[in-house]
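*Asks:* Right, I'll just put the structure down here and ask away after.
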Amino acid sequence: MTSRLGGSRPKVPPPRPTALSGALVAAASLLVVLAMLTANRWLVLGAAALVGLLVTAHLSRPNLSAVRICLAGVHRVRAGEHFTVRLHVHNDGRRVLAPSQLRLRLAGTTEEAVVDVDPVAPGQTARAQVPALAVRRGVYARSIALVEVGDPLGITRSTRGWATDHELLVHPSPARPADPALSAAPIDAASRASIRGTEELAGLRPWRPGEDRRAVHWRASARRRQLVVAERDVPDRPTRWVLVLAGAAGSDTDEHVLAVAAATWVDQLARGHDVHVLAWTPDGALLPPPDRAPSPVLDWFARLPALAVPSQYAVLEALPAGTDAMTVLTLASTPYGWVADLTARSARQGVRVSNGFGSTR
């Protein structure tokens with residue numbers, strides 16, 4: 001994946017004079033004054049030579065408007081994880097780009113990277129690998145690159161900056177999944193037919209093309225001379241994790257809680273359990289859940305905004321039918337006593353509240 005820095009060509013600021021430039025101007029002025037006092041033409045020639053150096057430096061200054069910078073690298077990374085960004089410096093001009101120094105401030109990192117760029121011939125590209133460290137969970141979409149290069153004489157310095165909308169998703173840091181309290185959930189007919197280990201038959205039905213043949217009741221099929229499937233009388237089992245998020249993360253402890261929640265969510269999906277998450281935006285709307293896959297779940301946590309603390313009535317009304325247990329994760333902005341009030345109200349509806357997680361594996 002490649003992201004170009006600076007989709008439009010911004011106005012390039014004029015070159016800045018260096019200390020050497022100031023010294024040359026001062027020396028030329030001094031020679032002119034002495035020439036006027038002494039009528040010495042050689043001093044005039046010396047001043048003209050110094051002015052000529054200044055003009056030459058101005059004419060030979062690098063053309064940064066013809067430079068393009070591109071970033072390529074990962075789009076997703078874990079908090080606290082090292083990653084690498086590939087940097088490309090393209091010279092679209094007609095002159096060689098002199099040796100330069102590039103300072104890169106990558107979104108989602110704290111340290112500025114400094115890259116020395118070798119001379120770049122016209123139409124050529126310089127490449128570099130830039131190591132970085134993702135610091136905190138979130139979505140970052142603005143990296144800044146600043147190139148500074150001087151003319152061959154070192155009299156002026158030209159600088160140009162670029163910005164990019166290259167998006168970096170920083171997922172929660174790796175964590176061990178927890179053992180949450182699961183809630184009962186209905187089992188559909190297809191899942192019920194595939195369950196074994198009980199002889200309590202609820203009935204027989206014809207086998208449907210595409211179903212697992214291991215679900216076929218062979219003895220009954222032989223008697224009926226057609227494939228039939230035994231539907232077993234299995235009670236509903238706890239296969240759903242109901243997760244309630246309340247409040248905005250504001251500390252490292254909150255970030256660790258969210259990291260464990262993300263790891264537990266992915267682990268529950270791998271175990272075949274349903275996950276029902278309830279989180280409210282500041283305007284009171286329920287946050288849409290992600291798809292049932294690890295990457296969308298981690299992206300969801302990376303993009304998680306500052307959540308509101310809903311009323312206890314809103315939580316109970318939003319619970320899926322048949323819920324008898326839920327896990328509530330409280331963050332920095334959750335008021336004191338909110339969980340206790342929710343626990344008392346939930347108990348009257350037969351719903352057990354677990355504040356946080358049980359043991360971690």
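The values are calculated or read from the model by the stated rules, or taken from the named source; none is laboratory data. Predicted model only: the values in this text are computed from it and were never measured. Glycine gets a Cβ as well: all are built from the backbone with ideal geometry, and neighbour counts include every protein chain shown. Calculation scope for accessible area: heavy atoms of the full protein, side chains included, ligands and nucleic acids excluded. Shrake-Rupley method; radii C 1.70, N 1.55, O 1.52, S 1.80 Å.
*Asks:* Pop a pseudo-label 7 angstrom from the Cα along the beta-carbon direction at both Leu34 and Val135 and give the gap in nm to one decimal.
*Replies:* So the label points at Leu34 and Val135 sit 5.3 nm apart.
*Asks:* Heavy-atom accessible area of Ile144 with all protein chains present, probe 1.4 Å, nearest 10 Å²?
*Replies:* Counting only protein heavy atoms, Ile144 exposes about 50 Å² to solvent.
*Asks:* For a Förster distance of 51 Å, can you work out the FRET efficiency between the beta-carbons of Ala321 and Ala66, rounded to the nearest 0.05?
*Replies:* 0.20
*Asks:* Which length gain, in nm to one decimal place, applies between Thr343 and Trp218 when the Cα-Cα distance is subtracted from 0.36 nm times their residue separation?
*Replies:* 40.0 nm
*Asks:* Using a probe radius of 1.4 Å on heavy atoms only, what accessible surface per residue do you get for region 309-361? Whole Å² is fine.
*Replies:* Spelled out: the 1.4 Å probe surface of region 309-361, per residue, equals 51 Å².
*Asks:* Calculate the tail of P(r) for region 230-350: the fraction of all Cα-Cα distances greater than 17 Å, expressed in %.
*Replies:* Everything past 17 Å amounts to 58 percent.
*Asks:* Please find the FRET efficiency linking Val51 to Ala128, where r is the Cβ-Cβ separation and R0 is fixed at 56 Å, and quote it to the nearest 0.05.
*Replies:* Once rounded, the FRET efficiency stands at 0.90.
*Asks:* Moving on. Run the numbers for Thr281 and Ser251: contour at 0.36 nm per residue of separation, minus the present Cα-Cα distance, in nm.
*Replies:* Extra length available between Thr281 and Ser251 comes to 8.9 nm.
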